[in-house]
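Heads up: the structure comes next, in structure tokens.
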Amino acid sequence: MLEMSWNIALVICVLIFIAFTFVVAFGAPFLPTLKQRVPEALDLIDLKTGQTLLELGSGDGRILIEAAKRDLNAVGYELNPLLVVYSKLITLKYRKQIKIKWGNYWNKNWAEADGIFVFLLQPYMTKLNQKIIKQDKPIKLVSFAFTIPNKKITKEKSGLYLYNYRQSHD
């Protein structure tokens, strides 16, 4: 009986490890945005009431909750199923404003976004830039820690970088 319990525990640990590490192939591992950076990021992106913030890799939902508190609509994409369940639970209070979607954000349509927040790894920043340009609409992007090569930073604060996209050629 004890051996079976250890086997079950081992399987659970392996599944948790896989859930938290395979996502690196698509953007970044789960590393929560520092709490003091959350309001700074939303101040920097400066969306208006009713606008929609898209978070790519929404993790534990802390950015989404802060956005909802500011009367924004928020959509989070998360690939880790454990974080999807967790963030859906902690954002229940804001379920009218927050949608959390399980899936690979690279394959999704971002048309609803007025602003985007990311904490991606540097190798994905050029791909991100190309995807936003294809939206062909005004979008504000705040990136934590990593920059887009050859793209002009509109404003920077505490390791947060704001980019403004006005047209497809920006």
*Top-ranked residue in region 61-113 [being of a type in the set (S, T, N, Q) and touching a Leu at 6+ places or on another chain (Cβ under 9 Å); ranked as farthest from P39 (Cα to Cα)]*: N104
*What single numbered condition from (1) in contact with an Asp or Glu (Cβ under 7 Å, 6 or more places away or on another chain); (2) under 18 Å from P29 (Cβ atoms) fails to hold for V75?*
(2)
_Counted residues, region 76-100 - those being in a strand (DSSP E or B) and in contact with a helix residue (DSSP H, G or I) (Cβ under 8 Å, 6 or more places away or on another chain)_ = 5
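Can you pull out every residue in region 102-122 that is of a type in the set (D, E, K, R) and surrounded by fewer than 16 Cβ atoms within 10 Å (Cβ to Cβ)?
We begin by selecting, within region 102-122, every residue of a type in the set (D, E, K, R); these are 108, 112, 114.
K108, E112 - these are the residues of region 102-122 that are of a type in the set (D, E, K, R) and surrounded by fewer than 16 Cβ atoms within 10 Å (Cβ to Cβ).
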*Kindly provide the set of residues from region 53-71 that are surrounded by fewer than 23 Cβ atoms within 10 Å (Cβ to Cβ) and part of a loop (DSSP other than H, G, I, E, B), ordered by number.*
D60, R70, D71
*Take region 32-48 and flag every residue that is over 12 Å from R62 (Cβ atoms) and either out of contact with any strand residue (DSSP E or B) (no Cβ under 7 Å at 6 or more places or on another chain) or among the β-branched types (V, I, T) (or both).*
D43, I45, D46, K48
*Please state which of the following conditions Y124 fails to meet, knowing it meets all the rest: (1) in a strand (DSSP E or B); (2) touching a residue at least 60 places away in the same chain (Cβ under 8 Å).*
(1)
*Tally the residues that are within 11 Å of I116 (Cβ to Cβ), surrounded by fewer than 19 Cβ atoms within 10 Å (Cβ to Cβ) and polar (S, T, N, Q), restricting the search to region 130-165.*
1
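Since every read-out is calculated from the coordinates, none of them should be taken as a lab result. Predicted, not measured: the structure shown is a model, and the values here were computed from it. Here Cβ is always computed from backbone atoms with ideal geometry, including for glycine, and neighbour counts include all displayed protein chains.
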